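Peer 1: Below: one structure in structure tokens.
The values are calculated or read from the model by the stated rules, or taken from the named source; none is laboratory data. What you are looking at is a predicted structure, and each value in this text was computed from that prediction instead of being measured. Cβ placement follows ideal geometry from the backbone for every residue including glycine, while neighbour counts extend to all protein chains displayed.
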Amino acid sequence: MNGFRHSGRVVAAAAIIMISVFVGFIGMNNPTIQTRGVGLASAVAFDAFVVRMAIAPAVLALLGHRAWWLPRALNRVLPNVDIEGEALSRHVAASVTVPDAAGPWIPVGRD
């Protein structure tokens, strides 16, 4: 629910911008472009406001932690991607010793 609180405005703003662009196609003289404009605008509205703001959060709330479950076979095949840099933070924290009162910080593992 916390993620929805932060991303809801962004999703709504992006949807409104996309809907506005597609509604602009309705003013064209070609009926094919007009029809596609109406179809795309309604599809974006449905996706943003019904799917992303109602169905997806409800499914995630119902599934709880099981929503992020990954089968073991797939977990072995997929690479371990560290986008946030948590592994690097742990590595840096482990390589620096805690200073004592007598001396400066001494990095471990550097020559």
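Peer 1: For Trp68, only one of the following conditions fails: (1) surrounded by 13 or more Cβ atoms within 10 Å (Cβ to Cβ); (2) under 30 Å from His6 (Cβ atoms). What is its number?
Peer 2: Of everything listed in (1) surrounded by 13 or more Cβ atoms within 10 Å (Cβ to Cβ); (2) under 30 Å from His6 (Cβ atoms), Trp68 misses just condition (1).
Peer 1: Does Gly39 meet the test of being loosely packed, with under 10 Cβ neighbours inside 10 Å and touching a helix residue (DSSP H, G or I) at 6+ places or on another chain (Cβ under 9 Å)?
Peer 2: Working: loosely packed, with under 10 Cβ neighbours inside 10 Å: no; touching a helix residue (DSSP H, G or I) at 6+ places or on another chain (Cβ under 9 Å): yes.
So Gly39 fails the test.
Peer 1: In the chain, which helices (runs of 4 or more DSSP H) lie fully inside it and hold 2 or more residues that are at pLDDT 90 or above? Full working, then the answer.
Peer 2: On the way: elements: 2-23, 31-45, 56-63, 72-77, 86-95.
Ranges flagged: 2-23, 31-45, 56-63, 72-77.
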